[in-house]
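Dropping the structure in here first, questions after.
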Amino acid sequence: MKKLALVLGAILVVAGLSLVGFYNNLIAKSQGVDNQWAQVETQYQRRFDLIPNLVKSVEGIMKQEQAVFSLIAEARTKYSGAVTVEERVKAATQVESALGRLLVVMENYPELRSSENVTQLMDELAGSENRIAVERRRFNDLVKDYNVTVKKFPANLIAGILGFQSRSFFEASEGAENAPEVDINP
């Protein structure tokens with residue numbers, strides 16, 4: 001009887017330690033996803049810090065493209081007010097669309113491309129866009145790893161009991177694959 005109690009006790013201890021290890025693994029992966037999203041937002045902030053300087057440089061040269069500047073300002077405001085990851089993704093896509101329109105406009109004005117200040121800001125913005133793409137990819141990689149852990153059997157049973165749910169990937173919004181169209185004719 002004592003041996004049976006010891007065996008059962010050992011099994012319970014091993015099961016308990018396994019559960020604690022699994023829980024800690026889920027916490028670590030969940031925090032990794034949160035941390036990576038913070039990295040994406042850091043790169044967004046860098047982009048948002050560059051945009052006003054670029055817009056002011058371009059505005060000084062061309063006043064007739066106020067619609068593009070309004071779109072950029074509106075998109076930045078929506079991002080600032082977004083709360084969830086999904087809302088921020090949608091707002092960030094609007095910023096990218098507005099920036100795309102600005103780039104198309106700039107390509108049609110050679111005097112803008114020759115401005116040293118605009119060229120430098122464009123280079124910095126291109127670097128920011130590259131960093132954003134890298135951070136988004138890393139975010140999606142971590143979300144995938146986390147989601148696989150949460151969805152695999154029997155882990156899905158334990159994760160469900162502990163309140164861990166799958167996370168959303170960063171996905172481009174519908175129409176993001178299309179280049180923006182800008183009409184520069186008054």
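Inspect the stretch 128-138 for any residue being surrounded by 12 or more Cβ atoms within 10 Å (Cβ to Cβ), in a helix (DSSP H, G or I), of a type in the set (S, T, N, Q) and at pLDDT below 85 and give the result as yes or no.
Checked the stretch 128-138: at least one residue is surrounded by 12 or more Cβ atoms within 10 Å (Cβ to Cβ), in a helix (DSSP H, G or I), of a type in the set (S, T, N, Q) and at pLDDT below 85.
Counting only residues that are assigned to a loop (DSSP other than H, G, I, E, B) and at pLDDT 85 or above, which one in the stretch 155-173 is nearest to residue 40 (Cα to Cα)? Walk me through how you get there before you give the answer.
Let us first name the residues in the stretch 155-173 that are assigned to a loop (DSSP other than H, G, I, E, B), namely 163-173.
From what is left, the residues that are at pLDDT 85 or above are 163-167.
Working: 163: 25, 164: 22, 165: 21, 166: 19, 167: 15 Å.
Among them, the one singled out is 167.
Output the residue which, of all residues in the stretch 4-33 that are touching a helix residue (DSSP H, G or I) at 6+ places or on another chain (Cβ under 8 Å) and hydroxyl-bearing (Ser, Thr, Tyr), is nearest to residue 159 (Cα to Cα).
23
For residues that are loosely packed, with under 14 Cβ neighbours inside 10 Å, of a type outside the set (A, V, I, L, M) and modelled with pLDDT of 80 or more, tally how many sit in the stretch 35-73.
Within the stretch 35-73, residues that are loosely packed, with under 14 Cβ neighbours inside 10 Å, of a type outside the set (A, V, I, L, M) and modelled with pLDDT of 80 or more number 2.
Of 148, 95, which residue is part of a helix (DSSP H, G or I), β-branched (Val, Ile, Thr), modelled with pLDDT under 80 and surrounded by 12 or more Cβ atoms within 10 Å (Cβ to Cβ)? Before the answer, list the steps.
Details: 148 fails: modelled with pLDDT under 80.
After ruling out the rest, the residue left standing is 95.
Looking only at the stretch 136-170, count how many residues are over 30 Å from residue 93 (Cα atoms) and charged (D, E, K, R).
Narrowing the stretch 136-170 to residues over 30 Å from residue 93 (Cα atoms): 152-163.
Now narrow it down to the ones that are charged (D, E, K, R): 152.
Of the residues in that region, 1 qualify.
The values are calculated or read from the model by the stated rules, or taken from the named source; none is laboratory data. Every value quoted in this text rests on a predicted model; they were computed, and no experiment measured them. Cβ atoms come from the backbone with ideal geometry, glycine included; neighbour counts cover every protein chain shown.
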